[in-house]
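The values are calculated or read from the model by the stated rules, or taken from the named source; none is laboratory data. All figures in this text were calculated on a predicted structure; none of them were measured in a lab. Cβ sites come from the backbone with ideal geometry, for glycine too, and all protein chains shown count toward neighbours.
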Amino acid sequence: MAELLFELGSEELPARFVVPALGELQRLFTDACAEARITHGAIKVFGTPRRLALLVEGLSEKTDDVVKEVQGPSVKAAFEADGRPKKPAEKFAESVKLPVEKLKRVTTPKGEYLAADVEEKGRRVIELLPDLLGACVKKLTFPKSMRWGDVEAAFGRPLQWIVALFGSEVVPVIFSDVKSGRETRGHRFLAPGAITLAKPADYEAALEKAHVVPSLDKRRAMLVERLAAAAKKANGKLIEDEALVDQVLNLVELPNPVVGTFEERHLDLPPEVLIQEMKSHQRYFSLTDASGKLLPRFIAVSNTPVKDEALSVKGYERVLRARLTDGRFFFDEDRKAPLQDRLPKLARRNWVQGLGNMAEKTDRILALAVFLADKAGKGAHRGTIERAAPLVKCDLETGMVGEFPELQGVMGREYALHAGEPKEVALAIFEHYLPRGANDALPTQDPGAFIGLADRLDSLCGLFAIGKRPTGAKDEFALRRAAIAVINLVIGKGYRFSLSAALDESLRLLEPTLANAKKKAGEAPVKQQVLEFMQDRLRPLWGEQHRADIIDAVVAAGTDDLVAVHQRVTALSAYVSRPDFTKLAATFKRVANIVEKQAKDVTKGPVDASRLTDEAEKVLAAEVSKVRDAAFAAIKADDYAGALAKVVPLGPVVDTFFDKVMVMADDKALRENRVRLLMEIGGLFGTVADFSKIQSES
């Protein structure tokens, strides 16, 4: 066993390239090792703007010996009728270095064939690594790659050096015009010379001595600690921003925060504008006072500790001053015209080819938002919705949002307030974008929530209708996020309306736009596609709190009322912890299975009491009649735990029925009546969950 160090040194990679490239490099290496039968221990990854590296522990020095079964010609082609071998048999025996009589016969779907067990000896790993590592580099992908010199090979940025050490030996790897060796590089300015490594274990310490922190975890901890110290020094509180930390982390090899200031006059700009200006263009961290008010200070992170910090800070301040001056210009210019004056421009802004312009989308959002509010019993908000909905996309036509798309909604709110719009209208413009992510807040008021629901449902229905649904990891229009936002909004705000009816209305509003949309033969209706897509989001969304089979069982019973779906999942999840649940689930799963198989051949109708001949079925029918009204009353009141409690006592009675009564009686009328009785029981549970999907042995 030995350690392997593989480092790819380049010119500075964009920050967003580093972590994905490291993940891909590790995957490529582990897959290649598995294919080559090379065993190894833990893999440590190291990454900075100038390097991607793997340190592999316990790499085997020789691949394992294996015995493989090699298949030859068919027995029919290999032998004469009298059993004498033909040339195919002789040639196959020669190729595997065995006498014909030592070949074995194997039966396959195509018939009987000759075969042989051939031992393949292991090889020295040092001999396999040059090609294996070289292939990993060639397969490594980046969002954008570069070529340099006269070579055709491409990488994220021009490659400068390669380190490939197996134990103390250099593994010869060539990529483009770069050959591997044992020399790495330290910090570009603080330790620019070559660093010779004797063995892989020396790597991390040698780089740290050369002012580079190659470990992502160590560098992150150092960055966070130093940011906190800088914020304390500035008498401020750091605005937490994990995404910015992740970005800055891979912009530097040795983080060195410095505190700067900007002119207080800019504090009359919306705080979101200032924060976005500092974050997007400069990668600066913002500071607030103890009350949460933005301070005229920032923290910038340098890659190099500077002797004259004041001079360095002036440079950061000068760049930010120019950016804030631009921001103020956009803000002042945008406010010269009311937000609603930009409405006509939306007709000239295409949304998605095939789905019309943004003005048409806004009209649909308005109509659908009013529909949803009425159906949810919130029609009192109609006036605010009708005023806010036409304005929600107008800030797309402003200079500020053109410069900072992340400020959509924020600037709409600010410009609406400046134009004298009511506060609830301005808030709805901002809040219709909420939640923007899994951990984001929900809208505080209903108008913005209904407008946001309408916006997302229109996008889901429209994009599915023109064939733009997500595929694999590709989700160009963030439809997965839109579907999850719809679910969280409806459940979080407690809105009770039919999801099916909402999709019907959205598709009705889209009809003129989709008149010429092409449909693939055999493709499911758009409504069904969207419903299934949203249902597919429930398992990952709720999977940490609830069992997968419980979610599947509840979803199978219907998802038209999302609030009820969540209540049913919660109630059923609470029941699975009961000691008698396993037997109970098995019982009602049996009911569900019989009903599923037999109900299609049984005419629907009430149970005929005159045909209840066996005592056990009479008792069961009486018990069903006793609990039916109470169970449905509990369901109507959204008391799903209560409904389950009412029906659970049927379990032992159903077990007795199955023990004493033959459901599949020869007499057709008797058989159908018993199936109807089971259908009634299934109906009691079917409004909560499809018990046939519950894994009762879990």
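Details
- For LEU54, the conditions (1) touching a Leu at 6+ places or on another chain (Cβ under 6 Å); (2) assigned to a strand (DSSP E or B); (3) of a type outside the set (Asp, Glu) all hold with the exception of (1).
- Criterion (surrounded by fewer than 16 Cβ atoms within 10 Å (Cβ to Cβ) and at pLDDT 90 or above) met by exactly one of LYS102, LYS91: LYS91
- Residue check for VAL151: modelled with pLDDT under 90, aliphatic (A, V, I, L, M), surrounded by 11 or more Cβ atoms within 10 Å (Cβ to Cβ) and in contact with a Ser or Thr (Cβ under 8 Å, 6 or more places away or on another chain): yes
- Test set (1) touching a Ser or Thr at 6+ places or on another chain (Cβ under 8 Å); (2) not in a helix (DSSP H, G or I) - PRO606 fails condition number: (1)
- Output for region 416-444, where each listed residue is in contact with a helix residue (DSSP H, G or I) (Cβ under 6 Å, 6 or more places away or on another chain) and over 16 Å from ASP395 (Cβ atoms): GLU424, PRO435, LEU442, PRO443
- Scanning region 611-637 for residues that are buried (at least 16 other Cβ atoms within 10 Å of the Cβ) and either in a loop (DSSP other than H, G, I, E, B) or in contact with a strand residue (DSSP E or B) (Cβ under 8 Å, 6 or more places away or on another chain) (or both) returns a single hit, LEU612.
- Complete set of residues in region 57-100 that are more than 27 Å from SER180 (Cα to Cα), β-branched (Val, Ile, Thr) and not in a strand (DSSP E or B): VAL75, VAL96, VAL100
- Residue in region 110-125 that is assigned to a helix (DSSP H, G or I) and either buried (at least 16 other Cβ atoms within 10 Å of the Cβ) or among the basic types (Lys, Arg) (or both) present: yes
- Region 127-148 - residue that is closer than 30 Å to VAL96 by Cβ and buried (at least 17 other Cβ atoms within 10 Å of the Cβ) and, of those, nearest to the chain's Cα centre (by Cα): LEU132
- Number of the condition not met by MET278 [criteria: (1) touching a strand residue (DSSP E or B) at 6+ places or on another chain (Cβ under 8 Å); (2) within 30 Å of GLY402 (Cβ to Cβ); (3) not in a helix (DSSP H, G or I)]: (3)
- Every residue from region 233-273 that is aliphatic (A, V, I, L, M) and either over 30 Å from the mean Cα position of the chain (by Cα) or assigned to a loop (DSSP other than H, G, I, E, B) (or both): ALA234, ILE239, LEU251, VAL252, LEU254, VAL258, VAL259, LEU267, LEU269
- Residues within region 421-442 that are hydrophobic (A, V, I, L, M, F, W, C), over 13 Å from GLU386 (Cα atoms) and in a helix (DSSP H, G or I), tallied: 2
- Qualifying residues in region 476-515 (those that are free of Cβ contacts under 8 Å to residues at least 40 places away in the same chain and not in a helix (DSSP H, G or I)) - the one surrounded by the most Cβ atoms within 10 Å (Cβ to Cβ): ALA478
- Residue match in region 305-316 (condition: under 22 Å from ASP446 (Cα atoms), exposed (fewer than 15 other Cβ atoms within 10 Å of the Cβ) and among the small types (Gly, Ala, Ser)): no
- Checking ARG50, ARG37 one by one, the residue that is within 24 Å of VAL213 (Cβ to Cβ), surrounded by 17 or more Cβ atoms within 10 Å (Cβ to Cβ) and of a type in the set (Lys, Arg) is ARG50 and no other.
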